[in-house]
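Participant: So that we are looking at the same thing, I have put the structure below in structure tokens.
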Amino acid sequence: MKRLFSNCSSNRLDEAAEGEVTISHSRRRFLAQTGAIAANAVWMPVFKLRPGSARTTCPAPPNFPPSIELYQQGYENWANEIRVDDLWTCAPRTPADVVTIANWAFSNGYRMRPRGYMHNWSPLTVTPGTTCQTKAVLVDMTRHLTAMQIVPGPSATVNVQTGVSMEALLGYLEQAGYGVTSSPAPGDLSVGGVLAIDGHGAAAPAQGETRLPGHTYGSLSSLIVSVRAVVWDQAKGQYTLRNFDRSDPNCKAFLTHAGRAFLTEVTLRVGENYNLRCVSYVDIPATELFAAPGAGASRAFANYLESAGRVEAILFPFTTCPWLKVWSVSPAKPLLSRKVTSPYNYPFSDSIPEEVAVLANRIVKGEDYLAPLLGLTAYNLTAAGLIASLSKDIWGRSKNLLLYIRPTTLRGTTNGYAILTRRGDIQRVVSEFVSFYQGRLADYQSQNRYPINLSLEIRVTGLDQPGDVGVDNAEPPALSAICPRPDHPEWDVAVWVNLLTLPGTPYSNQFYREIETWILQNYSGAYATVRPEWSKGWAYTSDAAWADNTMLSATIPNIYRAGTGPVWDWAVSMFDTFDPHSIFSNPFLDALFQ
Ligand SMILES: Cc1cc2nc3c(=O)[nH]c(=O)nc-3n(C[C@H](O)[C@H](O)[C@H](O)COP(=O)(O)OP(=O)(O)OC[C@H]3O[C@@H](n4cnc5c(N)ncnc54)[C@H](O)[C@@H]3O)c2cc1C
């Protein structure tokens, strides 16, 4: 197998493919192959089996409140790594219904797991091995708990029930003239799901830019003014609804809780809406974009961050030029930009083209050596797609630029880390990471091993600065990956890295473990620190993610303890105080928050 590396031009595909693989254009075969990938891409748990139906696969939870809809339905997380075909699921209509379910769960020895769009990777909702016999009920918040209400004014807020989707929220805000500085890229994520894991986008202040009132460069958890949570009331001996204002020190345990709490409603600070431009580049060599600091590269990653504040680099494996997106605040439409009036403006990455489906299926079936060709194909389709869809330079209302991933995109698994550092060290961080990653990838390739077949994605945000929300005595989210380090006030940004591959790719966990070991060791001391991204992959053994006991029981808690005092232990004690019966937990969270 010869080594494959692309240059930035698209004319290498045929050359690269020659002798390596013949893509079949047989219609029949294509349909069969894409069917498998596409089914995976758009799987939705549409069926419902109600208690008493002849087809239910196990007895319904006993004594379940009859006024609340209960049915069996499938649960599948994003990468299909956790799948339960027939979980008992309920759909509360009101926050009071959630309390009723909580008290039923307490009395009957059950647990309840809130769910949004099931787009998480880590086992925060249910764990592998869960069956319909497990004493856990899934609570689908997206069916009915979707109310929103703006409270306009100079310190505007929006009250949102946690089943609302991010797309619905941003659309609602837009109509009222409000927006956010950054948000996760997909629109089909629930507000409850996003806040559980300190959902973030890609924004730090550009040089000379000042934060607008009601906005943050941190995660969306930073914008929380108050939460309404279901908590144990010691005096009443039952679960009740309770509001926690941001000025209440206890509130900070609920701002990012990784699934260990249950929120029915939140109030978020919002600011005036604005327009964004996004320019894509596919012709900057990675050697230049990720050059070592001081190398004098004019098209260095940190330079784009300085000028615009909002960047995302996507590097397909075994290719040499990333897809770089640079968003900039732009009140008026630049002459060369195309105006967009709706989100998801990269259709080529939202549907799976034939070439990608064929290759992905072959890799999944064991031909992992096709990874370089898949990387090159993805790059070429991106370069061509940006031109064909006129999306190289787009402009519009913020929401239409901030949302750019649909659930029909290819489903990979990913690791995820936030590297907290000084703004002046961003180029060093990215250059060291890319250099280490590419070195390891080349090493594996020389042994005919291809652990990574999808992209490396790098973004930068600010931190969760408590002053942003505009509430007196506000404190940062205790367990946010981008909670500031009081002992390192100079660390003012986070570089987020995600390395994607198809689930089950041979050697991927071993590779991820090597990356994790290195990243923790390299980004340390006075230079930087690393925290795992709750929603994604971490705590790798050579066989599995979320499995390394030292990481789970010592490394992660210690990362949070460092420089912040006992914040980890305090947050765990708050979870226990407000849910002493652990009904808002699962075996993985029991182990993590012990
Ligand atoms: C393709 C893709 C792209 C992504 N891009 C980004 C990104 O750009 N930035 C980013 O930050 N994240 C990103 N994510 C991760 C995503 O934000 C999280 O996985 C998020 O938790 C998913 O929301 P969900 O509604 O699907 O939640 P689910 O997966 O259903 O649940 C996730 C967690 O939230 C908990 N939860 C849900 N509702 C509630 C509630 N009401 N109260 C308490 N806990 C609750 C669940 O119990 C679970 O622990 C991406 C995910 C995918 C699949």
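Participant: For q values of 0.14, 0.17, 0.22, 0.23 Å⁻¹, compute log₁₀ I(q)/I(0) with the Debye formula on a Cα-only model of the range 135-247, without solvent.
Facilitator: Evaluating at q = 0.14, 0.17, 0.22, 0.23 Å⁻¹ gives log10 I(q)/I(0) of -0.66, -0.93, -1.41, -1.50.
Participant: Same structure again: On the first, second and third principal axes, largest extent first, how far apart are the outermost C-alpha atoms of the chain in Å?
Facilitator: That gives 71, 58, 46 Å along the principal axes, largest extent first.
Participant: How long are the semi-axes of the ellipsoid equivalent to the range 254-295, from square roots of 5 times the Cα gyration tensor eigenvalues, in whole Å, largest first?
Facilitator: 39, 20, 11
Participant: Counting every Cα pair in the range 481-540, what percent are over 13 Å apart?
Facilitator: 66 percent
Participant: What angle do you read, to the nearest 10 degrees and between 0 and 90, between the alpha-carbon axis of helix 166-175 and the longest principal axis of the chain?
Facilitator: With rounding to tens, the tilt is 90 degrees.
Participant: For a quick protection proxy, order the peptides 337-348, 569-580 by their average other-Cβ count within 10 Å, most packed first.
Facilitator: The densest-packed peptide leads the list: 569-580, 337-348.
Participant: How much net charge surrounds W232 when only other residues with a Cβ under 11 Å from its Cβ are counted (Lys, Arg +1; Asp, Glu -1)?
Facilitator: -1
Participant: Hey, any idea what the orientation-averaged projected area of the convex hull of the range 369-438's Cα atoms comes to, in nm²?
Facilitator: 7.5 nm²
Participant: Taking the range 435-515 on its own, what percent of its Cα-Cα pair distances exceed 16 Å?
Facilitator: Result for the distance tail: 63 percent.
Participant: Compute the convex hull volume of the Cα atoms of the range 203-285, divide it by the residue count, and report the result per residue in Å³ as a whole number.
Facilitator: Residue-normalised Cα hull volume stands at 161 Å³.
Participant: Follow-up. So if I average 1/r over every pair of distinct C-alpha atoms in the range 282-321 and take the inverse, what Kirkwood radius in Å does that give?
Facilitator: Every distinct Cα pair counted, the radius reaches 10.6 Å.
Participant: Which value results when the Cα radius of gyration for the range 231-337 is divided by 2.2 N^0.38 Å?
Facilitator: Normalised by 2.2 N^0.38 Å, the Cα Rg of the range 231-337 equals 1.74.
Participant: Note the angle between two axes, namely the Cα long axis of helix 371-388 and the longest principal axis of the Cα atoms of the chain, as a number of degrees from 0 to 90, rounded to the nearest 10.
Facilitator: Its long axis makes an angle of about 90 degrees.
Participant: Over its Cα atoms, what ratio of radius of gyration to 2.2 N^0.38 Å does the range 305-403 give?
Facilitator: Working it through for the range 305-403, the quotient is 1.24.
Participant: What whole number of Å gives the distance from the Cα centroid of the range 459-529 to the Cα centroid of the range 341-392?
Facilitator: Cα centres, the range 341-392 to the range 459-529: 28 Å.
Participant: Give me the log10 of I(q) over I(0) for the range 536-594 at q = 0.26, 0.29 Å⁻¹, as the Debye formula computes it from C-alpha points; what are the numbers?
Facilitator: Debye output, listed in q order: -1.10, -1.17.
Participant: When the gyration tensor of the range 111-168 is built from Cα positions, what are the square roots of 5 times its three eigenvalues, in whole Å, from largest to smallest?
Facilitator: Semi-axes (√(5λ), whole Å): 31, 11, 9.
Participant: Here's something else I'd like to know. Structure shown: which of K333/K399; K325/K392; K339/K399; K135/K536; K325/K536 lie over 18 Å apart, alpha-carbon to alpha-carbon?
Facilitator: Pairs exceeding the cut-off: K135/K536; K325/K536.
Participant: Please list 421-429, 203-211, 534-542, 239-247 highest first by mean number of surrounding beta-carbon atoms within 10 Å per residue.
Facilitator: In descending order of packing, they fall as 534-542, 421-429, 239-247, 203-211.
Participant: Let me check against my output: what whole-number percent is the relative contact order of the chain, with C-alpha pairs under 8 Å and at least 6 apart?
Facilitator: Averaging sequence separation for qualifying contacts and normalising by length gives 17 percent for the chain.
Participant: Rank by packing, highest mean first: peptides 121-128, 522-529, 93-100, with packing defined as the count of other Cβ atoms within 10 Å averaged across residues.
Facilitator: 121-128, 93-100, 522-529
Participant: Still on this structure: Could you tell me which Cys residues in the chain have no other cysteine's Cβ under 4.7 Å from their own Cβ, answering none if every one has a partner?
Facilitator: Unpaired cysteines in the chain: C90, C251, C278, C483.
Participant: Mind checking which of S226, N243, V266 is farthest towards the positive end of the range 215-299's charge dipole, using Cβ charges of +1 (Lys, Arg) and -1 (Asp, Glu) about the Cα centre?
Facilitator: Of the listed residues, the answer is N243.
Participant: Hey, can you find the accessible area per residue of the chain for me, probe 1.4 Å, expressed in square angstrom?
Facilitator: 36 Å²
The values are calculated or read from the model by the stated rules, or taken from the named source; none is laboratory data. For clarity, every value in this text was computed on a predicted model and none was experimentally measured. When we count neighbours, we look across all protein chains shown, and the Cβ atoms used for this are built from the backbone with ideal geometry, even at glycine. For accessibility, only protein heavy atoms count, side chains too; no ligands or nucleic acids. Shrake-Rupley method; radii C 1.70, N 1.55, O 1.52, S 1.80 Å.
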